[in-house]
Structure formats: structure tokens, C-alpha cells
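Visitor: Sharing a structure below in C-alpha cells format, with a few things to ask.
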Amino acid sequence: MLSADRPPAAHQGRASARNRKPRSLATRLTAWYIVSSFSLVLVSTGILYAALLSGLVHQDDQILFNKMHVVRGLVQALVPNDANIAQEIGEDADAPRQTYVRVQTRDGTILHESPGMATDVHRSLFPAPYPSIDEAQGGTMIWMNGRPLRVVSARLSSRIGTAVPPELVIQVATDVSADENLLAWYRAALIAVVVAALLICAAAGHQIARVGLSPLRAISHATGKIGTTTLSTRIEVDGLPTELRELALTFNQMLNRLESSFSRLSQFSDDIAHELRTPISNMLVATEVALNRARTVEEYRDILESNLEDSAQLSRMVQSLLFLARADNPGTKIDREIIDVEHELALIHDFYEAAAIESGLKLLKSCDSKLDATVDRTLFQRAISNLVANAIAHTPRGGTVHLSGRDYREFVLVEVSDTGDGIAPDHLPYVFDRFYRVDQTRSTDSGHVGLGLSIVKSVALLHGGSVEIDSVEAKGTCVALRFPKMGTLPPQLQDYEIVNRA
């Protein structure tokens, strides 16, 4: 049984694997280079050694077979000459490469034998004879008195009618000590070459890894200097390899986004402080004035009403900021349901129609029939309402605000257009930024703090859609919201529960 206070062995193994210090990339590259290059050297030396060994064996076999053929010719002569046979089998007995020949009958009677062969190469060491010399495949390696010998034996038929017995056995042996000495020297040389190759491969691999990874060290050194105050630093891409150049460019692009985000965050913080300062200052001043001396009930009421308006503005601002903060959270979920877009646009039209008439505007509505969308009803209404309220606020008397809905194959398009003042091209890229106002002279007393279009954009993104704006100065503005249908939603949004509309 496992002890209650001891983790299982598998958990201990995983923990030790996690705590093990990972090997550096330079170490891995060096190891791979050593293994690959050393394996190539090792295989090459092995092939060379095998080729040399094969060549020596073939040479030795040729010596054996040549000797066997010569002796066979002498033995099978019409008139065998024993003196010639003795001379042939004895001439190599004292040569640097000693070669021995023995001719005997099948019952073991020796007819001819090289001098010293009886003691140097005993006939019992020879393998079984081949059926004939022509069928011999190769010799066999043996050791006799510490000497390496290559031996072969074969049956030999004599000519009929001669005094030689009709069936003989010929045994040939050759001393291959020189070959063994050469192979020993070659093995020592190969071992020295292999050891030297291993050391050279290790040194070369380390140097190659060091030089090859120097751009990475430069990138690491450059990125180590980047902080909140040095976000403008960029990695130098000139001279980098293609792969690292792409990495550096990608990292620089990320730094561009971070710098932009950090700048917007800093600006956002400044804007929040500025926007909150005005109503809070108004409330403080009004309260100090009220407490400066005794006042009538009506005066206190006016001051309280002024503080109430500022408090309501602060509340709206805080609620909008909280909504935007939640919308920025990737884990934010929305309650989707199938809505009738024409019905929802009609409700918004009816709600703002009185305000439009009071401002001297025409509020029009058009929508495709039976147009459904799978959205969060509350967020949908809030986004469209912000656009309509914004259009009414920036359209002079006598103008028109048009609210429309269209059905496209992959999405539902809702547009709010007006014939108002329009927006200059320089401002269009920033109108969806928080606290951004085209007319900086407008007072926050009107309640417009530059968060309406930011909320519209966040609602569109929460639904997996998009928002676009097109504007011409003195002619009007058109804002288009796209809400994808359920079949075209991003995968992360398709698992939300859908509430069917009754």
C-alpha cells in the first residue's frame, strides 16, 4: 500500500521531470551535430575497413586457387613428374608469404607435401574438401602456433591410365600474418581517426552552435532592455537569417501593438482622470458654496439638483467603463436569443421619434421582413440606441436620420445614417477610441463623454461581428453594424445557449 504522506512514483517522476533543468539550444545543436557528423565518420571508416578486409581475403583466395590450379596441372599431366611437383609445392615454403601444399589420397596417404607443412599446418585443421577445385568458394581462416593461416582443400581427379590414384585431396595453406599486421595497423589508425574526428566534431559543433546562435543572443540582449519606458526599442533585422528575421519582424510588430496599447492605456487613464475631475469638482464647489452660509430651501434644492445631475453623469460613466472592461475580458459570455430585427428597430424608432421631432429631424426606419438575428437583445438595443442618439445629437434641424436592417447571406446588417455634420477624415480612425470626441469644445455637461461608439464596437465584437463608419463632412455619417448568423459564428461563440423567441 502507498503511504498517505508519500506521492505515487508516477507523480514523483513527473515532478522530477518538471524540476529538471532543460538543456540549452546550443547544447542540443552541438549534440546533434556531433552525433550526425561522428556517425558519418564512423560509417565511412567501417566501410573502408570492410573494403580493405574484403580485398585482402580476395587476394589470399586467389593465391590459394592459383596454387591449386598449378598443382592440379602437374598432377594430371600425362606423365606426372614428381620432381616438378616437389619443386612447385616447395618453392614458396621459405618465401615471405609462406604457402604450403599437400597432396594425399582419400585414405590419408601423403603423396606430396611442402617442407615443414607436417608441423606448421596439420592436415586435421583443414575443412572438408570441396567436390572439385572448380567448385571451391573460398578459404577458411585458422590459427596454428600463433600464426594466422588461410586454408582450402578440394578433391582432385587424376587422369585415367596413370600411376596416380584416381581420387586425391589437395590441401593448400598460406600465411596471412602480413595481412593481419596490416589490418592491426589500419584498425589502430582508424581508432585514432575516429577519436580525433570525435574531438573535432565536438569543437566544430560547439563553434557552429555558438556562431549560429549569436543572432539569438543579440535578440535576447535587445529584448532584455525593453521595459515600460523603452517600448520604442526595436530589434535590428538587417543581417539576420531568414528564419530569425521573420521572428524579429513578428516581435517588432508585437512591440508596436504593445506600445500602441500602452499609449492608449496611458491616454485612457488620463482621460478617466480628466472626465471624472469635472463633475467631482462641480459637486465639491457646489457643496462648499452651500455650506459657506445659510441658504433658503430653494437654493439648497438647486444645489442638490446640480449634484444629482453630476452624480448621474458619474454613474453613467462608471457603468459604461465597467461594461467596456467586461467586454475586454475574453471569457465574457452573452445571453443570445433569436430576435425579430424589424420589431426591435421599430421599438428603438418609436422611443427616439419624440426626441427627433423635438430636434426638428425626420427619423425613418426600413427593414427586410422576417429578418432574424441571434444576439443579446439588451446589448443589441444598447448599440443601436447609442448610434441613433449620436446621430440625432449631430444632425442639424431639418435633417434626416435613417435606421435600416438588411439580410445578407452570412450576416445581418444594421445601418444608422444621418445627414448631419459629418466627420473629417483625420478623425475617422479614432472615433471608436474611448473618450475620443471629434469636437473637443463640447462640454461634458451634455452627457457625451466619448464612450458611445466604443460601446458599439465592443457589442459588435462580443457577437463576433464588426462595425464600420463612413462619413463625409457637411453631408452626413453612416455606421454599419454586422452581426453574424449562428452558422457563421466563430467556434468559441457557437456553444452559447440559444433562447428561442416565442
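Visitor: Return yes when LEU168 is at pLDDT below 90, part of a strand (DSSP E or B), farther than 30 Å from LEU258 by Cβ and among the hydrophobic types (A, V, I, L, M, F, W, C) and no when it is not. Quick ask: steps written out before the conclusion?
Guide: Details: at pLDDT below 90: yes; part of a strand (DSSP E or B): yes; farther than 30 Å from LEU258 by Cβ: yes; among the hydrophobic types (A, V, I, L, M, F, W, C): yes.
Taking the combined requirement at face value, the residue satisfies it.
Visitor: Of all residues in region 365-384 being in contact with a helix residue (DSSP H, G or I) (Cβ under 6 Å, 6 or more places away or on another chain) and outside any loop (DSSP other than H, G, I, E, B), which is farthest from ILE334 (Cα to Cα)? Step through it out loud before you land on a result.
Guide: Initial filter on region 365-384 (in contact with a helix residue (DSSP H, G or I) (Cβ under 6 Å, 6 or more places away or on another chain)): 365, 367, 371, 373-374, 379, 383-384.
Those left that are additionally outside any loop (DSSP other than H, G, I, E, B): 365, 367, 373-374, 379, 383-384.
Working: LYS365: 27, CYS367: 25, ALA373: 14, THR374: 11, LEU379: 9, ALA383: 14, ILE384: 17 Å.
For region 365-384, the residue satisfying everything is LYS365.
Visitor: Go through (1) of a type in the set (A, V, I, L, M); (2) modelled with pLDDT of 85 or more; (3) surrounded by 12 or more Cβ atoms within 10 Å (Cβ to Cβ) for MET486 and report which single condition fails.
Guide: Checking MET486 against (1) of a type in the set (A, V, I, L, M); (2) modelled with pLDDT of 85 or more; (3) surrounded by 12 or more Cβ atoms within 10 Å (Cβ to Cβ), the one that fails is (2).
Visitor: Within region 170-225, can you find the residues that are more than 30 Å from ARG123 (Cβ to Cβ), more than 40 Å from the chain's Cα centre (by Cα) and not β-branched (Val, Ile, Thr)? Before the answer, list the steps.
Guide: Just the residues of region 170-225 that are more than 30 Å from ARG123 (Cβ to Cβ), to begin with: 185-225.
Pick out the ones that are also more than 40 Å from the chain's Cα centre (by Cα) and you get 185-192.
The answer is TRP185, TYR186, ARG187, ALA188, ALA189, LEU190, ALA192.
Visitor: Can you tell me which residue among VAL151, VAL103 is buried (at least 16 other Cβ atoms within 10 Å of the Cβ), at pLDDT 90 or above and not in a loop (DSSP other than H, G, I, E, B)? Step through it out loud before you land on a result.
Guide: Details: VAL103 fails: at pLDDT 90 or above.
Among VAL151, VAL103, only VAL151 is buried (at least 16 other Cβ atoms within 10 Å of the Cβ), at pLDDT 90 or above and not in a loop (DSSP other than H, G, I, E, B).
Visitor: Whether any residue in region 310-329 is touching a helix residue (DSSP H, G or I) at 6+ places or on another chain (Cβ under 8 Å), more than 21 Å from VAL456 (Cβ to Cβ), outside the structural domain of HIS463 (by TED's automatic domain parsing) and crowded, with 16+ Cβ neighbours inside 10 Å is what I want to check. Talk me through it step by step, then tell me what you get.
Guide: Kept after step one, since they are touching a helix residue (DSSP H, G or I) at 6+ places or on another chain (Cβ under 8 Å), are these residues of region 310-329: 310-311, 313-314, 317, 320-321, 323-324, 327-328.
Checking the rest, the ones that are also more than 21 Å from VAL456 (Cβ to Cβ) come to 310-311, 314.
Applying the additional criterion that residues be outside the structural domain of HIS463 (by TED's automatic domain parsing) yields 310-311, 314.
Remaining after also requiring crowded, with 16+ Cβ neighbours inside 10 Å: 310, 314.
Scanning region 310-329, I find at least one residue that is touching a helix residue (DSSP H, G or I) at 6+ places or on another chain (Cβ under 8 Å), more than 21 Å from VAL456 (Cβ to Cβ), outside the structural domain of HIS463 (by TED's automatic domain parsing) and crowded, with 16+ Cβ neighbours inside 10 Å, so the answer is yes.
The rows are residues; the columns are (1) outside any helix (DSSP H, G or I); (2) closer than 26 Å to LEU29 by Cβ; (3) in contact (Cβ under 8 Å) with a residue 24 or more places away in the chain.
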site	(1), (2), (3)
CYS201	no, yes, yes
ALA222	no, yes, no
GLY227	yes, no, no
LEU231	yes, no, yes
PHE251	no, yes, yes
SER261	no, no, no
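The values are calculated or read from the model by the stated rules, or taken from the named source; none is laboratory data. This structure is a prediction, so every number in the text was calculated from the model and none was measured. Quick reminder, even Gly has a Cβ in these numbers, built from the backbone with ideal geometry, and neighbours come from all protein chains shown.
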